[in-house]
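Heads up: the structure comes next, in structure tokens.
The values are calculated or read from the model by the stated rules, or taken from the named source; none is laboratory data. All values derive from a computational prediction rather than experimental measurement. Side chains included, ligands, DNA and RNA excluded: accessible areas come from the protein's heavy atoms. Shrake-Rupley method; radii C 1.70, N 1.55, O 1.52, S 1.80 Å.
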Amino acid sequence: MLFIVAALALAGILLGAAAHTPLPVFLAASAAIGTWLLIFFIRERTGHKES
């Protein structure tokens, strides 16, 4: 339960910070994070086929 509360608090802080950044900066940061997550997902799916 504490994890959920902490996650919601962190999401609120990040969304509040995102609301005050210019749109191009927000979109660039979102694209960078999305790309990193996609690369991480692909590496995790292809890297653990041996076990």
Could you tell me how many degrees, from 0 to 90 and to the nearest 10, lie between the Cα long axis of helix 23-47 and the main elongation axis, the longest principal axis, of the Cα atoms of the chain?
20 degrees
Would you calculate a helix-derived [θ] at 222 nm for the chain, using -39,500 (n - 2.57) for each DSSP H run of n ≥ 4 and dividing by the full residue count, to the nearest 500?
-29500 deg cm²/dmol
Counting only protein heavy atoms, what percent of the accessible surface of the stretch 1-48 is carbon or sulfur at a 1.4 Å probe?
81 percent
Per residue accessible area in Å² of the chain, where ligands, DNA and RNA are left out and the probe is 1.4 Å
94 Å²
In whole percents, the bins of 5 Å from zero upward hold the Cα-Cα pairs of the chain as 4, 17, 13, 16, 17, 15, 11, 4, 2, 0
